[in-house]
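Beneath this line is the structure, given in structure tokens, with notes to follow.
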Amino acid sequence: MDHSANSKLASYPFRQFSAAAATDHGKSGKKHPAKAILAGGISGGLEILITFPTEYVKTQLQLDERSAHPKFKGPIHCVKVTVKEHGVLGLYRGLSSLLYGSIPKASVRFAMFEALKNRMVDEKGNLTNTQTVLAGLGAGVSEAIVVVCPMETIKVKFIHDQTQPNPKYRGFFHGVSTIVRQDGIGGIYQGLTATILKQGSNQAIRFFVYSYLKKWFQGGDNSKDIGALRTMLCGGVAGAASVFGNTPIDVIKTRMQGLDAKKYTSTWDCFMKIAKNEGFKAFYKGTTPRLGRVCCDVAFVFTFYENVMKLLDYVWKTPGY
């Protein structure tokens, strides 16, 4: 048997698995909520391990306020200073708090999106553009309240604490207990309004752009598998769109969750003080590292999610979905 024949036989099981999974989704356009929770959690964990260093740099630049004495000249300089002072692993300081939140965050996001989608799809499994935006918005608001706000507050406080001369948090659980003891449960829910605005708009934009591009590649056939590279492309473009759409909200959210959050009385007060003291450009501080992180983040998480879902569909049959 020649080499081409062997290659065709070797790839047959994978092609059969992909086709079967894609066909199952194409029948109704619905996905089982339990599968969405599992696939979302796995995807979120893998994604954050890959993209955390850019998240660290973005947060450092946003906390390096212009009104104080700037320490960093830009994202590359931030990386150089961090590696020089703390080594390469310094770029992973604060990882534990984000990793603990990333898995449930993605689980809640995809589970809510699929639950809302299941209720709105037509008999062919299609959503209108408006319905996609609403499902994405619901997913974003849900993850903001349940997971993102408390975990992002803890993450920002951890990263900010590590930049102080004498860090006071010895680890994740010690840090959380210290925050709650000093500030109450509200200490981990700082910036809730900004977080809801950020996550809601984020996911509305991302799911809409991703779904729109995916449908375009499928050419009207919901059962068509567009492949990993095209899935990553759709996710990357969706991520970029969300960055340009809501970076100002992200900046306000980060300020509201930092160790100096007490100097702001509300989300609106934070907005006004940044605008008055630092100017409009301050609302786009950290855009470059955030753009890189989010494009990779969304590209990876959608690709991981789609492929984990295919595997689950192949090994776990759920009639009606």
Practice item. Kindly provide the set of residues from the stretch 101-123 that are modelled with pLDDT of 90 or more and not in a helix (DSSP H, G or I), ordered by number. Key: 121
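Based on this model, can you work out whether residue 182 counts as surrounded by fewer than 16 Cβ atoms within 10 Å (Cβ to Cβ) and in a helix (DSSP H, G or I)? Walk me through how you get there before you give the answer.
Details: surrounded by fewer than 16 Cβ atoms within 10 Å (Cβ to Cβ): yes; in a helix (DSSP H, G or I): yes.
So residue 182 fits the description; yes.
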Review point. Considering the stretch 227-272 alone, what residues qualify as being of a type in the set (Val, Ile, Thr), modelled with pLDDT of 85 or more and open to solvent by 20 Å² or more (accessible area, probe 1.4 Å)?
Key: 237, 265
Point to revise | Options 98, 127: the member that is outside any helix (DSSP H, G or I) and crowded, with 18+ Cβ neighbours inside 10 Å | key: 127
**Study point:** Of all residues making up the stretch 273-306, the number that are surrounded by fewer than 17 Cβ atoms within 10 Å (Cβ to Cβ) and either touching a residue at least 12 places away in the same chain (Cβ under 8 Å) or not basic (Lys, Arg) (or both)
**Key:** 6
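Please count how many residues of the stretch 70-100 are in contact with an Asp or Glu (Cβ under 6 Å, 6 or more places away or on another chain) and hydroxyl-bearing (Ser, Thr, Tyr).
0
Select from the stretch 208-226 the residues that are small (Gly, Ala, Ser) and modelled with pLDDT of 95 or more and list them in ascending order.
The one that is small (Gly, Ala, Ser) and modelled with pLDDT of 95 or more: 211.
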Exercise for review: Among the residues of the stretch 161-174, write down those that are under 20 Å from residue 262 (Cα atoms), modelled with pLDDT under 80 and either of a type in the set (Asp, Glu) or not in a loop (DSSP other than H, G, I, E, B) (or both).
Suggested key: 162
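The values are calculated or read from the model by the stated rules, or taken from the named source; none is laboratory data. All values reported here derive from a predicted model rather than from experimental measurement. Backbone-built Cβ (ideal geometry, glycine too); neighbour counts: all protein chains shown. Only protein heavy atoms, including side chains, enter the accessible area calculation; ligands, DNA and RNA are left aside. Shrake-Rupley method; radii C 1.70, N 1.55, O 1.52, S 1.80 Å.
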